Amino acid sequence: MSKRTRAKHKLDRRMGENIWGRPNSPVNKRSYGPGQHGQRRKGKMSDFGLQLRAKQKLKGYYGDVTEKQFKATYKDASRMKGDTGMNLIGLLERRLDMIVYRAKYAPTIFAARQLVSHGHIKVNGVKCNIASRRCDVGDVISLGDKAKEMALVIEAQSLPEREIPDYVVVDGNDKVTFSRVPSLDEVPYPVQMEPNLVVEFYSR
């Protein structure tokens with residue numbers, strides 16, 4: 001697992017959007033970018049700029065996935081049948097850390113990744129510490145015994161800011177089933193994502 005070295009809220013301010021929909025995002029108070037030039041008027045963005053921004057936003061939303069890992073996911077999506085952008089979203093939603101986040105076992109995607117890497121998550125009853133693991137339809141994701149008592153998990157389950165999507169089927173307080181790969185319009189993004197621009201970025 002790669003370690004995140006930058007403050008996650010900097011991405012919010014750079015994009016000017018509350019990417020994860022969190023109430024403590026600095027964008028809720030300051031919608032302009034960081035630094036002394038953050039309030040300057042911005043010119044019209046080029047096509048490349050729009051594509052790069054779309055890629056950075058999507059990559060950041062999924063826990064600031066490394067460029068190497070994200071590009072590999074794109075390549076896998078491009079080899080699949082159907083729309084590459086939709087395939088990319090489907091592959092990203094199949095990540096174990098994202099399913100843990102969707103199940104509300106963690107307040108942020110970064111906390112979800114840490115839960116997985118510390119061995120607190122089981123897939124089909126077997127402990128797994130690989131956050132980027134791709135789950136299959138029908139896989140059962142559950143909390144380990146220690147995680148059930150963790151304050152972080154209990155707090156996350158009570159957060160009102162997001163709902164569990166219907167492709168993650170809840171079974172009690174400590175178990176969910178990944179029932180199907182979602183389409184773009186089913187994924188509960190707080191902001192608009194544009195996977196078509198990401199495809200254009202990598203297709204140049």
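The values are calculated or read from the model by the stated rules, or taken from the named source; none is laboratory data. Everything numeric in this text was worked out from a predicted model, so none of it was measured. Backbone-built Cβ (ideal geometry, glycine too); neighbour counts: all protein chains shown. Accessible surface areas use protein heavy atoms only, side chains included; no ligands, DNA or RNA. Shrake-Rupley method; radii C 1.70, N 1.55, O 1.52, S 1.80 Å.
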**OP:** Taking residue 117 as meeting all but one of (1) more than 19 Å from the chain's Cα centre (by Cα); (2) farther than 25 Å from residue 183 by Cα, write down the number of the exception.
**Re:** (1)
Original post:
What pairs come up if the first residue lies in segment 154-176 and is closer than 20 Å to residue 124 by Cα and hydrophobic (A, V, I, L, M, F, W, C), the second is open to solvent by 50 Å² or more (accessible area, probe 1.4 Å) and outside any strand (DSSP E or B), and their beta carbons are under 7 Å apart, counting only those six or more places apart or on different chains?
Top reply: 170/164
Original post:
Hey, any hits in segment 57-70 for a residue that's of a type in the set (A, V, I, L, M, F, W, C), within 19 Å of residue 139 (Cβ to Cβ) and surrounded by 19 or more Cβ atoms within 10 Å (Cβ to Cβ)?
Top reply: no
**OP:** Among the candidates 3, 8, 29, 44, single out the residue that is touching a helix residue (DSSP H, G or I) at 6+ places or on another chain (Cβ under 7 Å) and modelled with pLDDT under 95.
**Re:** 8
Original post:
If residue 111 passes every condition in (1) within 12 Å of the chain's Cα centre (by Cα); (2) surrounded by fewer than 23 Cβ atoms within 10 Å (Cβ to Cβ); (3) under 16 Å from residue 188 (Cβ atoms) but one, which one does it miss?
Top reply: (3)
Original post:
touching a Leu at 6+ places or on another chain (Cβ under 7 Å), under 21 Å from residue 189 (Cα atoms) and open to solvent by less than 10 Å² (accessible area, probe 1.4 Å): does that describe residue 106?
Top reply: yes
Subject >> Within segment 120-204, strands (runs of 3 or more DSSP E) holding 3 or more residues that are modelled with pLDDT of 95 or more and crowded, with 16+ Cβ neighbours inside 10 Å >> reply: 121-123, 140-143, 175-178
Original post:
If we scan segment 73-80, do we find a residue that is in a loop (DSSP other than H, G, I, E, B), modelled with pLDDT of 95 or more and farther than 15 Å from residue 141 by Cα?
Top reply: yes
Original post:
Among (1) touching a strand residue (DSSP E or B) at 6+ places or on another chain (Cβ under 9 Å); (2) over 30 Å from residue 50 (Cα atoms), which single condition is residue 152 missing?
Top reply: (1)
**OP:** Give the number of residues within segment 174-188 that are of a type outside the set (A, V, I, L, M, F, W, C) and in contact with a helix residue (DSSP H, G or I) (Cβ under 7 Å, 6 or more places away or on another chain).
**Re:** 3
